[in-house]
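Notes to accompany the following structure.
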Amino acid sequence: MKTDLLIIGAGPAGINAALTADAAGAEVILVDESLQPGGQLRQQTQLFSNLPKNKKKTRGTSLNNHLVESLNASNVKVLSNHAMVGSYLNGNIGVTDGFKTFEIHAKKYILATGAQEEGKIFPGWTLPGVMTAGAAQILINRELVLPGKNAVIVGSNDFAFEVIKQLRICGVSIKAVVEDKDQLQSEKQDLLSDLGNITFLTNSTIELASGSGEVEHVSIRTPSGIKELEADFICISNGFTPILEPFEVMNCKFTYKEILGGWLPAYNMNFQTTNSNCYLAGSAAGITTLGPILLTGEIAAWSVLEELEFISPREAHNQKKECWEELMTLENNNVFQKRTEIIADSLLQDNWNPKSYFTELQGGQIHG
Amino acid sequence: MDKSTIVCRCEEINIDEIENALKNGAQTFDDIKRLTRTGMGSCQSKVCLHPVREIIADYHNKDLQDVGISRMRIPLKPIRMGTLATESKDSNVASVFGESVEEGDENR
Ligand SMILES: Cc1cc2nc3c(=O)[nH]c(=O)nc-3n(C[C@H](O)[C@H](O)[C@H](O)COP(=O)(O)OP(=O)(O)OC[C@H]3O[C@@H](n4cnc5c(N)ncnc54)[C@H](O)[C@@H]3O)c2cc1C
Ligand code: FES
């Protein structure tokens, strides 16, 4: 199979990249291992503001429906239920539908394979009833299954509180939030304000989760001694980290930025990795929020369109500059700062040329 | 933490076994993998990579960012050999072998 652009991952980043490239006339194949496109946006029922291009505040799931409708109306060839399993010596990507494996040759690739959750271990964490916050969110919002009645939440980041809110709407009782640091990690007041009387245990860890065949009791080590709780469900929210395997088999180099999720592929301001045919977008390029995720997909697509001469360098420059400016305003400052450090590192590499708009953006200052 | 706590659930490897590997000279995730099978399970270390890195960092008194990740190989997803070998006139099989003798396969 041959195409101009092959995108792996039909989450918000991959879909947005596909739509941008398709609208400019490029031939696009979009591969996703799931049965339906949408990635992790499919279960995000919360309201999102801070979206690009003055998109109005919307639920993640409605935005997803909108993206999928646009995809269906486009010329993008969507291969759902197809997984990328590797790469070939000639640089092509190997894809399987479970019956056969075949190679797709594209002039350019965008990997938008998203992020995975970090677990956390404690005695008893392998019992049924222990799951990540994302898994709990998928169960309630996508599969319509209640993961339990009485929950202990481990971790107190934004995502923990997002999921607590959704669990409570479903009637789950939150027995305690256990945080090993000395204060809660989320700073989002709108999430913290309407939580009511939840027990917060800081400087605390789970000593033991036990029960016969599933979670029934949870012992928590707190500064004031061991606290025993009855719970049938433990929900771990320990952050996200970019999925790296597809990049490794494409021979991309990695770098480390804790705030972006730890190890991640290195890239330049075109969202091009150290493999010049291979671009990236979305959570794969660092953990951030939905607005920036959509924009990274768009920047990667404009860069590919420029390389393949579907648009002029002038137009590419303008489009990317606009996206970068929006990215800078929409993204959390610390996250954006670290992103610019990755890009500043890329400027030191011979094969990556600095482009003026990036230096302009930084007021002539490159960090790193 | 109790040393019998499982770290790699796919291969049922506990903290004690991982610390044993470290005592026997393991430096990296891949060293531990070769000694204990940690990370060789069906999730291919998606679940255990991070906790193992934390144990390595603790043991060797390193920052987490100085503890690398495992070498990741094709196939990226569990797949039947028969499925992998379809259309082998392309470079399918070659790529499997090609990759395993690749240069620059340094230990991270
Ligand atoms: C469980 C979970 C819950 C989350 N919940 C939230 C939330 O509530 N709010 C929030 O702001 N962020 C959340 N996130 C963060 C999430 O990463 C972003 O919200 C957003 O979905 C990222 O978009 P993306 O397009 O980069 O990746 P994703 O939406 O993750 O899409 C990646 C796609 O790539 C596909 N894929 C991956 N590897 C392969 C392969 N080898 N072959 C074929 N297809 C592949 C996947 O099937 C998936 O559809 C969550 C993440 C996870 C993992
Ligand atoms: S948990 Fe270690 S391989 Fe799956």
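Residues in the range A:90-115 that are in a strand (DSSP E or B), touching a helix residue (DSSP H, G or I) at 6+ places or on another chain (Cβ under 7 Å) and open to solvent by 10 Å² or more (accessible area, probe 1.4 Å): A:T96, A:K108, A:A115. Could you go through the range B:14-33 and let me know if any residue there is in a helix (DSSP H, G or I), open to solvent by 20 Å² or more (accessible area, probe 1.4 Å) and near ligand 2 (Cβ under 8 Å from one of its atoms). The answer is no, given that none of the residues of the range B:14-33 is in a helix (DSSP H, G or I), open to solvent by 20 Å² or more (accessible area, probe 1.4 Å) and near ligand 2 (Cβ under 8 Å from one of its atoms). Can you confirm whether A:I236 is touching a helix residue (DSSP H, G or I) at 6+ places or on another chain (Cβ under 7 Å) and touching a residue at least 24 places away in the same chain (Cβ under 8 Å)? Considered against the rule, which asks whether it is touching a helix residue (DSSP H, G or I) at 6+ places or on another chain (Cβ under 7 Å) and touching a residue at least 24 places away in the same chain (Cβ under 8 Å), A:I236 comes out as yes.
Scanning the range B:57-76 for residues that are surrounded by 17 or more Cβ atoms within 10 Å (Cβ to Cβ) and more than 9 Å from chain A (Cβ to nearest Cβ), we see that the one that is modelled with the highest pLDDT is B:V67. Among residues belonging to the range B:36-55 that are small (G, A, S) and within 16 Å of ligand 1 (Cβ to nearest atom), point out the one that is most open to solvent (accessible area, probe 1.4 Å). If we take residues in the range B:36-55 being small (G, A, S) and within 16 Å of ligand 1 (Cβ to nearest atom), then B:S42 is most open to solvent (accessible area, probe 1.4 Å). Is it true that B:I79 is within 16 Å of ligand 1 (Cβ to nearest atom) and within 13 Å of chain A (Cβ to nearest Cβ)? When the stated conditions are applied, B:I79 passes them. Just wondering, is there one or more residues in the range A:212-229 that are more than 14 Å from chain B (Cβ to nearest Cβ) and in contact with a helix residue (DSSP H, G or I) (Cβ under 7 Å, 6 or more places away or on another chain)? Within the range A:212-229 (the criterion being more than 14 Å from chain B (Cβ to nearest Cβ) and in contact with a helix residue (DSSP H, G or I) (Cβ under 7 Å, 6 or more places away or on another chain)), the answer is no, since none of the residues qualifies.
Can you name the residue in the range B:8-60 that is touching a residue at least 24 places away in the same chain (Cβ under 8 Å) and acidic (D, E) and is also farthest from A:P242 (Cα to Cα) among such residues? Filtering first and then ranking leaves B:E19.
A:F161 satisfies every condition listed in (1) open to solvent by 10 Å² or more (accessible area, probe 1.4 Å); (2) without any contact (Cβ under 8 Å) to a residue 60 or more places away in the chain except (1). For the range A:40-64, the candidate set comprises residues that are assigned to a helix (DSSP H, G or I) and open to solvent by 20 Å² or more (accessible area, probe 1.4 Å); within that set, the residue that is nearest to A:D158 (Cα to Cα) is A:Q40. Looking across the range A:125-139, the residues that are of a type in the set (V, I, T), more than 15 Å from A:S156 (Cα to Cα) and within 16 Å of ligand 2 (Cβ to nearest atom) come down to A:T126, A:V130. Listed by first and then second residue, the pairs with beta-carbon distance under 6 Å, at least 6 apart or on different chains, first residue in the range A:26-51 and within 14 Å of chain B (Cβ to nearest Cβ), second near ligand 1 (Cβ under 10 Å from one of its atoms) and outside any strand (DSSP E or B), are A:V31/A:H82; A:D32/A:A10; A:D32/A:S80. Is it the case that some residue within the range B:78-91 is in a loop (DSSP other than H, G, I, E, B) and touching a residue at least 12 places away in the same chain (Cβ under 8 Å)? Looking through the range B:78-91, at least one residue is in a loop (DSSP other than H, G, I, E, B) and touching a residue at least 12 places away in the same chain (Cβ under 8 Å). Restricted to strands (runs of 3 or more DSSP E) entirely inside the range A:242-311, those with at least 1 residues that are over 15 Å from the mean Cα position of the chain (by Cα) and over 21 Å from A:A10 (Cα atoms) are A:254-257.
Screening the range B:1-13 for residues that are open to solvent by less than 80 Å² (accessible area, probe 1.4 Å) and under 17 Å from A:G119 (Cα atoms) and picking the one that is farthest from ligand 2 (Cβ to nearest atom) gives B:T5. I'd like to know if the range A:211-229 contains one or more residues that are out of contact with any strand residue (DSSP E or B) (no Cβ under 7 Å at 6 or more places or on another chain), farther than 20 Å from B:S45 by Cα and part of a strand (DSSP E or B). Yes, there is a match, as at least one residue in the range A:211-229 is out of contact with any strand residue (DSSP E or B) (no Cβ under 7 Å at 6 or more places or on another chain), farther than 20 Å from B:S45 by Cα and part of a strand (DSSP E or B). Cβ separations smaller than 7 Å between residues 6+ apart or across chains give the following pairs from the range A:320-332 residues that are more than 20 Å from A:E306 (Cα to Cα) and assigned to a helix (DSSP H, G or I) to residues that are open to solvent by 30 Å² or more (accessible area, probe 1.4 Å) and not aliphatic (A, V, I, L, M): A:L330/A:N50. Scanning the range A:2-46 for residues that are more than 17 Å from the chain's Cα centre (by Cα) and at positive phi gives a single hit, A:G25. Looking at the range A:131-140, is at least one residue part of a strand (DSSP E or B) and either in the same structural domain as A:C170 (by TED's automatic domain parsing) or under 18 Å from the mean Cα position of the chain (by Cα) (or both)? Checking the range A:131-140: at least one residue is part of a strand (DSSP E or B) and either in the same structural domain as A:C170 (by TED's automatic domain parsing) or under 18 Å from the mean Cα position of the chain (by Cα) (or both).
Being buried (at least 18 other Cβ atoms within 10 Å of the Cβ), within 12 Å of another protein chain (Cβ to nearest Cβ) and touching a helix residue (DSSP H, G or I) at 6+ places or on another chain (Cβ under 8 Å): is that true of A:F254 here? The answer is yes for A:F254.
Taken together, the residues in the range A:231-267 that are acidic (D, E) and in contact with a strand residue (DSSP E or B) (Cβ under 6 Å, 6 or more places away or on another chain) amount to 1. For the structure I just gave you, tell me whether A:I206 is away from ligand 1 (no atom under 16 Å from the Cβ), within 11 Å of another protein chain (Cβ to nearest Cβ) and out of contact with any Asp or Glu (no Cβ under 6 Å at 6 or more places or on another chain). Answer is yes for this residue.
The values are calculated or read from the model by the stated rules, or taken from the named source; none is laboratory data. What you are looking at is a predicted structure, and each value in this text was computed from that prediction instead of being measured. FYI the Cβ positions are ideal-geometry reconstructions off the backbone, even for glycines, and counts take in every protein chain you see. Please note that ligands, DNA and RNA were not included when accessible areas were found on the heavy atoms of the full protein model with its side chains. Shrake-Rupley method; radii C 1.70, N 1.55, O 1.52, S 1.80 Å.
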